[in-house]
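Report on the structure given below.
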């Protein structure tokens, strides 16, 4: 039996591909290497992935790479496998697609620079910036993956000057700094994926509360009074102050479904919904396949227009949309990694494409409307892994890079 599936290149520029037992290989080899601007989307081309730190070559299909920590060529059990763009021949999750990396031509007019001087720079051993967030005063908070004994949370004023450092005496050491967000009261929320906690920090750098138990990965069971997190990745807020926490870095973490720890048995990515005072409201889970499922909840955003919750299932190249209460609405297949999702102050939707090396403006159907960034790499305008996005009052965009100790400013055209 043959099944016809529409494979969308985020902008609808790829043709219909017929998938069957005998046709998958031919569909892969026949994949186009570039395409013109069409239907409101910029032109695109494919890019051969290069070793970390290098620039690929355009117009060539992707090649598989081993997953870090598993040995060269060793397949990840959480590799892309349940998406129309997955390739059964690739051995790496992020390169597991027959059409290669999709890069979009830049026509938006943003200028890229690096105006922040980090106290923990690459030169003195500072780690990557997992995320940035701007508060109502226009100050930017940066969350950095530094080794134990060094601060990880910093505040800069609107002139890019360092004005506050929140040290380990306040928040302890964050085992793997991940998501960051600022709520309507200018409190800063940070996610420690490795340490299994989410912390709320006041505007003046005091710890307000900790959700989860440090270094105790597990399940949230309200009936038992058990309030554990399973690798928290991102925080997002509803207009009424409700808090959403996405969890589950499945491609890089143990699957705890068969754990002998009775407090940690679910082993699935999930979204936790709390009210503004931290009281439990709801949670829902992904189980890899099927409508409303996801293998990873890496990106998270709440639509200011209607309160819908947007989840980026990074390794499966898809966005899954739910109501505020967790009811599944739809799945949007993407051609780029949904590493982070964010709505700008005007309500437009943006996506950081992680190791694909670009920041994309998309519509609510996943169509790419514009792109910023020169692809993967450490060079000018490139990203090793772009991540959480934020905006200042002038419409400029800021993002971190989880591998490079720098904050990228994308200055809006005047």
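Of note:
- Inverse mean reciprocal Cα-Cα distance (Kirkwood Rh) of the range 111-411, Å: 18.9
- Peptides 158-166, 184-192 ordered by average Cβ neighbours within 10 Å, highest first: 184-192, 158-166
- Prolate/oblate/rounded call for the range 349-410, Cα gyration tensor, a/c under 1.5 rounded: oblate
- Relative contact order [Cα under 8 Å, 6+ residues apart], the range 111-411, whole percent: 15
- Size-normalised alpha-carbon gyration radius of the range 256-405, reference 2.2 N^0.38 Å: 1.10
- Rel. contact order, % - alpha carbon contacts under 8 angstrom, at least six apart, the range 177-297: 17
- Theoretical gain in end-to-end length, residue 175 to residue 344 [0.36 nm per residue, Cα-Cα removed]: 57.9 nm
- Alpha carbon centroid spacing (whole Å) that separates the range 165-218 from the range 355-396: 25
- Zone residues, the range 354-381, relative to residue 114, backbone N less than 19 Å from point 7 Å out along Cα-to-Cβ: 354-359, 372-381
- Rough spin-label spacing in nm, given labels placed 7 Å along Cα→Cβ, for residue 164 and residue 216: 2.9
- Taking 0.36 nm per residue of sequence separation and removing the Cα-Cα distance, the residue 208/residue 257 pair yields an extension gain of 14.4 nm.
Here, each number is a calculation from the coordinates, and none is a lab measurement. Only a predicted model underlies this, so the values are computations on that prediction, with no experimental measurement involved. For neighbour counting, all protein chains shown are included, and Cβ atoms are generated from backbone atoms with ideal geometry for every residue, glycine included.
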